[in-house]
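This report refers to the structure that appears directly beneath it.
Every number in this text was worked out from the coordinates using simple rules, so none of it is lab data. Since this is a predicted model, take the numbers as computed values, not measurements. Ideal geometry is used to build each Cβ from the backbone, glycine not excepted, and the neighbour counts take in all protein chains shown.
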């Protein structure tokens, strides 16, 4: 029997249920295929700004306090998030309070007022969020890397937007964006925990069954390629530590080699016994943090490593990381190390999905972005099926070129200095 139960309402809205009879709570989500890559130059940041405004008052709950007090009164926790390709709103609460959680979330998504006074007030909050982000080198380097890799495609834009576009936003900006993206066919209601589809479905139909409209706003696809030489972008900042990201384009979310790619970055930089952690931090003392990861999107992706390193040893740190990237391309991963990486990847996933929020969020990401919520067993089997030859082949296909991309934040000016390290 499938872990997830999926139903599509006549208006195209999907309902995803992950029953966990042993749980005493539920995690209630509304997620949409609507994120910052659906923006254009004039409304950059509106996906994230709208997420803020949904908490500022609705027709039924006129103020932010009215909304938060109702969730507090049931002992719940709620929040939201905006990424490049999806946005989510959720409440975690005791299972017997699911009606309240659903009603509040739907009220926020359907009946938020977007009052001009509240919009103007929140502009200051978001501008300060942008300032905080830019004052945090560990965060700032991520934006520089995305801009380097994806350029002027919205994937290369910071999700927060710019100070200029945030300050220019009006009520019409929100209405236009939501009208072109927040449509039933892009929306999924997901509940994990002590719930059944039989009890959930009538509630969702009552609250959202009459929702209409169609999504008109799409996004421009992008296929960045490995260049023939390194590309470097420096964010000059007087700091006591350098933050770097070194990476390459990789594979879309649904690519058949997704599990082999996962094991490439697991071997490289997941856990305290990974290659990068062992070599960069433990043996050489070059960094406090170092890891590798892959960010997948529906049409592309990026495999990268990030580190915060000693300013005086930045050259050694970059060279050491580059050596480890070349090594996984040139040499098959030994059987024992590959098995350890598989166990690590599976173990982390199991820990993630053993609670209602983690389980339904896994299903929702797949459902919203790929149109199908895969069972956890599929992921575990996919990892088990990867061979050392698969890992090396995928490493060669992604890291095997000479076009490494380096984003760097620190007190540096000379790009040529770093280009020589990567050539």
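One entry in (1) 20.6, 60; (2) 22.6, 63; (3) 22.2, 68 is Rg and Dmax of the Cα atoms in Å calculated from the shown coordinates; its label is (2). Each of 14, 365 was scored by other Cβ atoms within 10 Å of its Cβ. Arranged with the fewest first, they read 365, 14. Within segment 1-55, the ratio Rg/Rh, alpha carbon atoms throughout and Rh by Kirkwood, equals 1.12.
Can you give me the P(r) profile for segment 5-208? Cα pairs, bins 5 angstrom wide beginning at 0, each as a whole percent. Here the calculated profile for segment 5-208 is 1, 7, 15, 18, 18, 15, 12, 8, 4, 1.
Residues 221, 243, 52, ranked from the fewest to the most other C-beta atoms within 10 Å, line up as 221, 52, 243. A viscosity of 1.567 mPa s and a temperature of 4 °C, combined with the Kirkwood radius over C-alpha pairs in the Stokes-Einstein formula, give segment 214-363 a diffusion coefficient of 75 µm²/s. Taking the Kirkwood radius as Rh and the Cα radius of gyration as Rg, segment 36-135 has a ratio of Rg/Rh equal to 0.99. Across every direction, the projection of the convex hull enclosing the Cα atoms of segment 187-276 has a mean area of 13.0 nm². At an R0 of 45 angstrom, the distance between the Cβ atoms of residue 175 and residue 272 translates into a FRET efficiency of 0.40.
Here segment 120-186 has an Rg and Dmax of 14.0, 39 Å, counting Cα atoms alone. By the count of neighbouring beta-carbon atoms within 10 Å, fewest first, 398, 387, 82 end up ordered 387, 82, 398. Bridges between two residues of the chain, per DSSP, are antiparallel at a rate of about 80%. Calculated on C-alpha atoms, the gyration radius of segment 342-423 divided by its Kirkwood radius gives an Rg/Rh of 1.16.
Most tightly packed first, judged by the mean number of other beta-carbon atoms within 10 Å of their residues, the peptides 406-413, 111-118, 261-268, 95-102 read 261-268, 406-413, 95-102, 111-118.
Helices in the chain, meaning DSSP H runs of at least 4 residues, each add -39500 (n - 2.57). Divided by all residues, the mean residue ellipticity at 222 nm is -14000 deg cm²/dmol. Give the distance, in whole Å, between the Cα centre of segment 143-160 and the Cα centre of segment 217-296. If you average the Cα positions of each part, the centres end up 15 Å apart.
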